[in-house]
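Here the structure comes first, spelled out in structure tokens, and everything after it is commentary.
The values are calculated or read from the model by the stated rules, or taken from the named source; none is laboratory data. Quick caveat, the model's predicted, so the values are computed rather than measured. Ideal geometry is used to build each Cβ from the backbone, glycine not excepted, and the neighbour counts take in all protein chains shown. Only protein heavy atoms, including side chains, enter the accessible area calculation; ligands, DNA and RNA are left aside. Shrake-Rupley method; radii C 1.70, N 1.55, O 1.52, S 1.80 Å.
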Amino acid sequence: MDITLTINGKSYSQDVEPRLLLIHFVRDVAGLTGTHMGCETSLCGACTVELNGKAIKSCTMFAVQAKGADIVTVEGLASDGKLDPMQEAFWNEHGLQCGFCTPGMIMASKQILDRNPAPTEDEIRHGLEGNVCRCTGYQHIVNAVKAAAAGAGK
Amino acid sequence: MATTTVKTETFVGKRIRRREDPRLITGTATYVEDVQMPGMHYAVILRSPHAAARIRSIDTKQAVAAPGVVCVFTGKDIKGVGAVPCGIAMPDLRVPPHTILATDRVYFVGHPIAVVVARDRYLARDAADLIEVDYQVLPAVADPEKALAKVVKQRIVSQRLVPMAMETRGVVAEWHGADRQLNLYTSTQIPHLVRTLVAGMLGLEENRMRVIAPEVGGGFGSKLNVYAEEALTGYVSMKIQKPVKWIESRRENFTCTIHGRGHVDFYEIAAKRDGTILGIKLKLIQDVGAYHQLLTPLIPQLSVLMMPGLYNTQNIRADIVGVFTNCVPTDAYRGAGRPEATHGIERMVDMLAAELQMDPAEIRLKNFVTKDKFPYPTATGLVYDSGDYATPLKKALDLVGYHKLRQEQADARKQSKYMGIGISTYGEICAIGPSPATPAGGWESATVKIEPSGKVTIMTGACPHGQGEETTFAQIAADELGVGLDDILVLRGDTAVVQYGIGTFGSRATAVGGSALYYALQDLKAKIKKFGAMLLESEDVTLTGGKVICNKTGNSKSLQEIAGATYRALKLPPNTEPGLMATRFWEPPNFTFPFGAHIVVTDIDGETGQIKIRRYVAVDDCGNILNPLIVDGQVHGGVAQGLGQALWEQAVYDDNGQLITGELMDYAVPRSHMMPWIESHHTCTPSPVNPLGVKGVGEAGTIGCSPAVVNSVVDALSPLGVRHIDMPLTPEKIWKLLATKN
């Protein structure tokens with residue numbers, strides 16, 4: 001099937017098999033390998049991207065379902081060498097260790113603030129329920145989201 | 001962030017954000033799956049659905065003919081490849097032959113049977129489904145105790161756990177036939193050992209093989225191994241003369257990557273009426289799984305070494321019984337033997353306190369090896385390097401407000417509320433380790449090059465994969481040389497770039513690898529001073545702040561000027577070679593022994609059995625701290641894995657050897673909303689074993705955590721006569737217990 005979709009502001013057109021997963025379109029067709037496959041079952045959130053403004057798990061969506069969509073991946077966050085405030089916050093607060101969950105974690109964290117600019121710790125923790133990190137114990141990630149929220153509120 | 005080259009600024013001991021992070025937060029890091037090559041082929045492995053079976057026949061005809069398929073190999077097709085290695089030699093250790101693909105028998109669910117290679121990953125998976133295997137299913141043994149006679153003692157289980165690194169394993173193999181060169185990208189903690197052992201399996205000269213551990217997405221011990229798939233992917237690439245990629249699925253990661261723990265322990269502890277511990281006895285049943293992987297037989301031995309914990313007793317007896325089961329092998333998982341030992345002794349000490357009606361803090365303080373006894377030789381043959389065990393416990397008791405909490409608990413009990421206070425005081429064996437005590441070398445290597453421009457390149461034999469040594473090693477070098485962090489680059493994980501090294505595991509990278517770096521820097525500093533003295537025409541010089549300064553005239557030469565002079569070599573100091581590079585292989589004289597105290601306060605809902613952690617106080621002593629931000633991260637992550645074991649995680653095989661917790665849907669790893677706030681504090685008792693005074697902190701959280709949690713819950717339920725509960729403490733288990741006891 002011929003599909004066209006936009007990733008990080010750039011248009012990609014490709015004839016794809018109907019069964020091609022969106023994550024494989026992002027990684028293999030667009031060559032954007034920052035989005036990671038962690039579990040193939042939408043349980044770990046490493047593959048989280050933004051699709052038409054909503055955080056979704058790209059491992060359990062077919063590329064054809066994203067036809068015409070506007071997608072943002074972790075590679076699309078920094079512009080002109082300037083990091084997104086959430087990326088900066090993850091860096092400052094040591095919100096990552098091995099880094100494998102980080103792109104999905106940053107996308108999910110941005111979504112939390114998109115929906116609620118001043119979340120409580122409890123709201124942050126529940127907002128990240130769908131994203132697994134095996135390294136950090138989440139505490140520094142929670143700190144990063146708090147710091148990003150505080151920064152945006154200034 | 002401190003990145004400017006301010007000469008007086010020092011970096012060790014500061015909360016410096018990590019230098020590895022920019023690539024990780026922008027999605028530009030390269031993990032194995034991100035490695036792309038022209039002509040890449042994809043491998044999918046067909047695995048046994050049965051735990052024990054005879055293979056009558058395998059029919060690959062349809063798979064071979066399927067679209068896009070290049071080849072299919074079964075066990076009988078593989079020729080001239082050595083067995084998957086076990087690195088532990090012991091008298092009478094039975095090591096079953098472990099071929100990279102099964103031939104006529106399978107011994108666990110997930111046992112690899114055939115590999116399908118196609119030009120597309122979807123087509124490879126399609127074709128794997130077309131292979132027909134005729135199995136004769138045989139009875140399986142999944143429970144290690146069922147193979148043994150019954151013993152009645154206090155039985156404590158450390159259940160099987162799945163390491164579950166976020167990045168699954170993966171291999172890209174690239175064979176260059178004309179050069180006889182195999183490049184192997186693999187997600188590993190030990191690239192050099194993989195090269196030695198996989199080259200041996202494939203019959204390839206070691207210098208014709210290059211192993212690259214690119215970005216590694218977590219290991220926790222599960223990538224401290226040599227796996228069949230590493231040799232298999234290399235073999236296939238050599239056969240088809242194309243690059244081949246194999247990426248483990250999450251399901252495969254659960255069923256085929258090593259598990260951890262898997263102990264059934266029978267403990268006895270003897271004490272005087274005043275609480276003085278007299279001796280500890282243990283019979284340890286280790287669920288081995290179907291094979292010995294690289295370090296499988298070593299792990300229960302680490303438990304026995306750590307058996308006395310922090311307590312002063314010279315009477316120890318232990319017997320280890322290893323039981324083969326039709327399950328995936330167990331091996332090193334964060335803590336590797338020490339969490340099991342700590343869980344055992346810390347539970348037994350609490351039971352002893354209850355028996356003697358003593359306070360659990362008091363009985364610990366009474367039995368600790370005291371400060372004046374170090375170095376302290378244990379009955380298990382270790383020598384604890386340094387310690388001050390009472391201080392972190394007292395600090396934790398103060399922080400948590402112990403005496404007030406006990407009063408609150410007494411009041412809560414009057415209202416039939418379940419509130420618990422649990423203490424764990426742990427010790428661990430880190431900085432693994434002196435070579436005579438380790439299966440491979442226990443040293444680590446470092447090379448420091450100062451380039452002609454004065455920029456510093458470090459090559460470490462350790463292989464960090466999240467622990468942050470690109471930052472902490474830069475901090476060490478920056479302070480020693482008086483340069484800025486931005487002047488330094490740390491390289492690791494590539495056998496063609498880095499001199500032979502051992503790797504990252506056992507909380508060793510900084511203590512051993514950082515010490516090798518320290519000594520290499522001392523060599524360089526001596527040479528820098530020699531050249532500086534020559535250039536300044538003075539013997540009386542000091543190296544400070546990135547300059548060699550003449551103490552008489554105050555004239556100086558910058559590191560850049562000196563580095564340039566060493567390479568230009570117009571003039572050399574006596575008996576000195578050109579260039580500015582040093583390599584050290586540092587052999588540690590002993591392990592290090594970090595320690596600490598964790599206190600957990602719990603409230604249990606009598607209606608649902610739900611455990612709520614009200615407070616988690618951790619006081620860890622890991623010696624000197626190079627970067628508090630990174631140490632905190634290690635403690636938090638370690639505690640999360642300890643809590644996972646204590647409360648939620650368990651790899652469950654049914655009687656037929658089917659893993660019924662084979663996905664994240666069934667296997668409960670901690671998620672953000674399940675974690676309590678961890679109050680992380682420290683005491684500092686430097687290690688005398690290495691020049692940095694560091695001890696290691698990667699596993700501390702995991703080791704200290706689980707007994708503190710279980711002790712807390714048992715304490716909460718003790719009015720009901722509860723003495724012990726095995727992990728994980730699921731709400732269902734607690735609810736059933738409450739239903740029985742009430």
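The table that follows gives values for the structure above.
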read-out: Kirkwood Rh, Cα atoms: Rg over Rh of the stretch A:2-76; value: 0.91
read-out: Cβ-derived FRET efficiency at R0 41 Å, B:His176 paired with A:Met1, nearest 0.05; value: 0.60
read-out: Inter-label distance, nm, simple model (7 Å from Cα along the C-beta direction), B:Lys417/B:Thr542; value: 6.2
read-out: Cα-centre dipole for the protein assembly as shown with unit charges at Cβ (Lys and Arg positive, Asp and Glu negative), debye to 20; value: 940
read-out: Under 12 Å from the Cα of B:Lys281 - aspartates and glutamates, other chains or at least 8 residues apart; value: B:Asp265, B:Glu268, B:Asp319
read-out: Net lengthening on full extension, B:Lys14/B:Asp319 (0.36 nm per residue, minus Cα-Cα); value: 105.3 nm
read-out: The stretch B:677-742, Rg to Rh (Cα coordinates; Rh as Kirkwood inverse mean 1/r); value: 1.20
read-out: Filter on A:Lys54/B:Lys612; A:Lys10/A:Lys54; B:Lys272/B:Lys394; B:Lys404/B:Lys695; B:Lys395/B:Lys612 - keep pairs with C-alpha separation over 29 Å; value: A:Lys54/B:Lys612; B:Lys404/B:Lys695
read-out: Mean Kyte hydropathy of 0.0 or more with a Cα span along the axis of at least 27 Å, helices from DSSP in chain A; value: none
read-out: Surface accessible to a 1.4 Å probe, B:Thr8 within the full protein complex, Å²; value: 120
read-out: Chain B: DSSP helices with Cα axial extent of at least 20 Å and average Kyte-Doolittle hydropathy no lower than 0.0; value: B:514-536, B:628-643, B:700-717
read-out: 25 °C / 0.890 mPa s Stokes-Einstein diffusion coefficient of chain B, Kirkwood radius on C-alpha pairs, µm²/s; value: 90
read-out: Net charge dipole size for chain B [Lys, Arg +1 and Asp, Glu -1 on Cβ; Debye, nearest 20]; value: 480
read-out: Total formal charge among the other residues, if their Cβ is under 9 angstrom from that of B:Leu559, Lys/Arg +1 and Asp/Glu -1; value: 0
read-out: Amide H partners (placed H, <5 Å) of B:His50, local residues excluded; value: B:Gly110
read-out: Fully extended contour minus Cα-Cα distance, from B:Ala354 to B:Thr740, at 0.36 nm per residue; value: 136.8 nm
read-out: Estimated FRET transfer efficiency (A:Asn116, B:Glu732; beta-carbon r; R0 30 Å; 0.05); value: 0.35
read-out: Highest average packing first - B:721-731, B:15-25, B:369-379, B:254-264, Cβ atoms within 10 Å; value: B:254-264, B:15-25, B:721-731, B:369-379
read-out: Distant alpha-carbon pairs in the stretch A:85-152 (separation over 20 angstrom), percent; value: 12
read-out: FRET E, pair B:Asp92, B:Ser718, Förster distance 51 Å, beta-carbon r, rounded to 0.05; value: 0.75
read-out: Listed residues A:Asn143, B:Ala290, A:Ile71: farthest to the positive end of the dipole of the protein assembly as shown (Cβ charges); value: B:Ala290
read-out: Chain B: calculated mean residue ellipticity at 222 nm from DSSP helix runs of at least 4, using -39500 (n - 2.57); value: -8500 deg cm²/dmol
read-out: Exercise: per-residue mean of other protein chain Cβ atoms within 10 Å, A:86-96; value: 5
read-out: Potential extension, B:Cys684-B:Leu278 segment - 0.36 nm per residue separation minus Cα distance; value: 143.2 nm
read-out: Cβ crowding within 10 Å averaged over residues, with B:639-651, B:494-506 ranked highest first; value: B:639-651, B:494-506
read-out: Those GluC sites (Glu not before Pro) in the stretch A:95-154 that DSSP places in a loop and that have at most 16 other beta carbons within 10 Å; value: A:Glu129
read-out: Hits among lysines - C-alpha to C-alpha of B:Lys529 under 22 Å, sequence gap 8 or more where chains match; value: B:Lys7, B:Lys449, B:Lys455, B:Lys547, B:Lys552, B:Lys557, B:Lys571
read-out: Residue order for B:Leu659, B:Leu123 - accessible surface, 1.4 angstrom probe, largest first; value: B:Leu123, B:Leu659
read-out: Whichever aspartates and glutamates have a C-alpha closer than 18 Å to that of B:Lys530, once near sequence neighbours (fewer than 8 apart) are set aside; value: B:Glu451, B:Glu480, B:Glu539, B:Asp540, B:Glu561, B:Glu577
read-out: Sorted largest first, extent of the protein assembly as shown alpha carbons per principal axis (Å); value: 83, 81, 64
read-out: Point-charge dipole on Cβ atoms (K/R +1, D/E -1) for the stretch A:85-152, about Cα centre, debye to 20; value: 120
read-out: Average beta-carbon neighbours from other chains, 10 Å sphere, peptide B:631-642; value: 5
